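Asker: Please see the structure below; I have some questions.
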Amino acid sequence: MSSAAVQAVQDAKPVPLLIDGAWRQSAAERWDPVYDPATGLVIARVPFATPAEVEAAVTAAARAFPAWRATPPVERARLMFRFRDLLERHFEELALLVTRENGKTLEDARGEVRRGIEVVEFACGAPTLLLGEMAEDVAPGIDSELVRVPVGVVAGICPFNFPAMIPLWMFPIALACGNTFVLKPSERTPLSAVRLAELLMEAGVPDGVFNIVHGGRETADALIAAPQVRAVSFVGSQPAAKAVYEKAAAAGKRVQALAGAKNHLIVMPDADLDRTVPAILGSAFGAAGQRCLAGSVLVAVGDAADPLLERLAAAARDLVVGPGTDPEVDMGPVIRPEARDRILGYLDEGRRAGASVVLDGSRPARLKGDPGGFWVGPCILDRVDPSWRVAQDEIFGPLLSVIRVPDLDAALALANRSRFGNAASIFTTSGRAAREFRYRIEAGMLGVNIGVAAPMAWFPFSGWKDSFYGDLHATGKDGVRFYTQVKMVISRW
Ligand code: NAD
């Protein structure tokens, strides 16, 4: 870092920790800059919390647990109703904050906040969701009851790409189920989580029930290792998810670790291109490809490729790249310069391996942005070989690889060879092809003529294979089961 950059970090506003109902400035030695990716300017500085601070947050959550557990579910639900109202009232402000620290367009940010609010609405149903089961006379005069109880202190570790929605996947359900929570937002996008916490406090969350610590891997590891933490919700890249899963499981904790992806979009020759092209465009280049549900490999079946690519390339070339706050912009920046270098590195690697470069995003045709922003335009590589890294690795940027295959069997075999199984889509007007796809594809979230197969809050976010480690997924009834354990009571009087 240059001395001017060091000064900018020192001058930036420190992001506070939330411990036991009070905002605190960290005593951390390490502070990282938080950037606006559309300008490259430092907008805040984030601490890497000390071990004592992590311990204080976990201790506060453990202390708050007995009273929160004993708070009737209907009252916990009322907290969620109040929180939901505040989120609605501050909707635009939250979306702007997401755009500011993440870079995505305001329209995408609004979508993210909306999806997050829906989880809070789901959590408002806690009294019903927590109902137990009962059977009379399992043997003469003996009754049996199943009761759902919270697990205790839960830790949530989040990625940068949905700074509001992913924390909202976790803590509203965990809290409504009677747990207390310590959140570690992404160190690259910690500001939205802080604002969510302020609103949760305004809604009346008791001290210690919800806490925030900041930092990176060491902070996450300290949370996982803390004896009072009973369950860990993680969302992030595949290597980190696997490491978190292994560490938490080895310590005897519950863990759900949602990981990376390489999503295949299969296009049949009978697909309706008027609908398919915008869906693929949104899937591959929306949020600059930084979604775990982004389409990354376009599998063109039979003679689908040429007419599809002609239209797709023209539409992608037309996308305006620039700051997410500009209503004319279709695609914002990527999160950091390192991400841009990684994405363009893959583009180069594909080119050198022999792919044909349909669109080179290193110089976006329609760039409106500040020169300091972290820009990459849409990239399309055609005639990619399935054995290349560009076809196999998660790139997490606006780079779409096209692989041509002769038939649906070959398309399914190709997609199923991927180590990942987060999402997959088919575009077709054939019910038979759609049914074959749905039956045979090895992925957990499927789109039929849909480019981003995102389940709503009352369903689980259900990745497979190396896209998920654990048993119970995030959100929906899986979320409730993850954040509760059952007690069986068998009685004779
Ligand atoms: P990341 O793995 O770099 O970081 C995620 C979080 O884990 C951060 O809070 C980070 O501080 C922490 N972390 C990093 N390394 C760790 C380690 N070894 N041990 C413990 N914690 C660690 O991910 P990112 O770049 O912030 O997010 C993008 C990734 O998240 C992509 O791979 C994307 O596919 C994935 N993602 C998956 C889903 C899903 O539902 N499957 C959703 C969103 C994002």
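The values are calculated or read from the model by the stated rules, or taken from the named source; none is laboratory data. Fair warning: this is a prediction, and the values are worked out from it, not measured in the lab. So basically every Cβ, Gly included, is an ideal-geometry build from the backbone, and we count neighbours across all protein chains shown. Calculation scope for accessible area: heavy atoms of the full protein, side chains included, ligands and nucleic acids excluded. Shrake-Rupley method; radii C 1.70, N 1.55, O 1.52, S 1.80 Å.
Asker: All but one of (1) open to solvent by 10 Å² or more (accessible area, probe 1.4 Å); (2) more than 9 Å from the ligand (Cβ to nearest atom); (3) closer than 25 Å to Pro33 by Cα hold for Arg217; which doesn't?
Answerer: The one condition Arg217 does not meet is (2).
Asker: Can you pull out every residue in the stretch 227-244 that is within 18 Å of Trp169 (Cα to Cα) and in a loop (DSSP other than H, G, I, E, B)?
Answerer: Of everything in the stretch 227-244, those that are within 18 Å of Trp169 (Cα to Cα) and in a loop (DSSP other than H, G, I, E, B) turn out to be Gly236, Ser237.
Asker: Next up: Considering Leu319, Leu344, Leu312, which residue is buried (at least 17 other Cβ atoms within 10 Å of the Cβ), under 22 Å from Lys104 (Cβ atoms) and without any contact (Cβ under 8 Å) to a residue 40 or more places away in the chain?
Answerer: On inspection, the qualifying residue turns out to be Leu344.
Asker: I've got another one for you. For the condition open to solvent by less than 10 Å² (accessible area, probe 1.4 Å) and of a type outside the set (Gly, Ala, Ser), what is the one hit in Met201, Met170, Met165?
Answerer: Met170
Here is a yes/no grid of residues against (1) open to solvent by 10 Å² or more (accessible area, probe 1.4 Å); (2) more than 10 Å from the ligand (Cβ to nearest atom); (3) of a type in the set (A, V, I, L, M):
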| site | (1), (2), (3) |
| --- | --- |
| Ser233 | no, yes, no |
| Ala240 | yes, no, yes |
| Ala250 | yes, yes, yes |
| Arg254 | yes, yes, no |
| Ala257 | no, no, yes |
| Pro269 | yes, yes, no |
| Asp274 | yes, yes, no |
| Pro278 | yes, yes, no |
| Ser283 | no, yes, no |
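Asker: Of (1) crowded, with 19+ Cβ neighbours inside 10 Å; (2) among the small types (Gly, Ala, Ser); (3) part of a strand (DSSP E or B), Ala411 satisfies all except one. Which?
Answerer: For Ala411, the exception is condition (3).
Asker: Could you list, in sequence order, the residues of the stretch 352-363 that are loosely packed, with under 15 Cβ neighbours inside 10 Å and out of contact with any helix residue (DSSP H, G or I) (no Cβ under 6 Å at 6 or more places or on another chain)?
Answerer: Correct list: Arg352, Gly354, Ser356, Arg363.
Asker: I'm told Gly479 meets every condition in (1) open to solvent by less than 10 Å² (accessible area, probe 1.4 Å); (2) outside any strand (DSSP E or B); (3) closer than 23 Å to Ala355 by Cα except one. Can you identify the failing condition by its number?
Answerer: Result: Gly479 passes all but (3).
Per-residue answers, yes or no, for (1) under 25 Å from the mean Cα position of the chain (by Cα); (2) open to solvent by 20 Å² or more (accessible area, probe 1.4 Å):
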| site | (1), (2) |
| --- | --- |
| Ala365 | no, yes |
| Lys368 | no, yes |
| Pro378 | yes, no |
| Arg383 | no, yes |
| Arg389 | yes, yes |
| Leu399 | yes, no |
| Ile403 | no, no |
| Arg435 | no, yes |
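Asker: Are any of the residues in the stretch 170-177 under 23 Å from Pro47 (Cα atoms) and either free of Cβ contacts under 8 Å to residues at least 24 places away in the same chain or in the same structural domain as Arg481 (by TED's automatic domain parsing) (or both)?
Answerer: Scanning the stretch 170-177, I find at least one residue that is under 23 Å from Pro47 (Cα atoms) and either free of Cβ contacts under 8 Å to residues at least 24 places away in the same chain or in the same structural domain as Arg481 (by TED's automatic domain parsing) (or both), so the answer is yes.
Asker: Moving on. What number of residues within the stretch 9-39 are in contact with a Leu (Cβ under 7 Å, 6 or more places away or on another chain), of a type in the set (A, V, I, L, M) and open to solvent by 30 Å² or more (accessible area, probe 1.4 Å)?
Answerer: The total comes to 0.
Asker: Would you call Ser296 within 22 Å of Leu414 (Cβ to Cβ), within 16 Å of the ligand (Cβ to nearest atom) and out of contact with any Pro (no Cβ under 9 Å at 6 or more places or on another chain)?
Answerer: Answer is yes for this residue.
Asker: If I filter the stretch 454-481 down to residues being of a type in the set (S, T, N, Q) and touching a residue at least 40 places away in the same chain (Cβ under 8 Å), which single residue comes out as farthest from the ligand (Cβ to nearest atom)?
Answerer: Thr475
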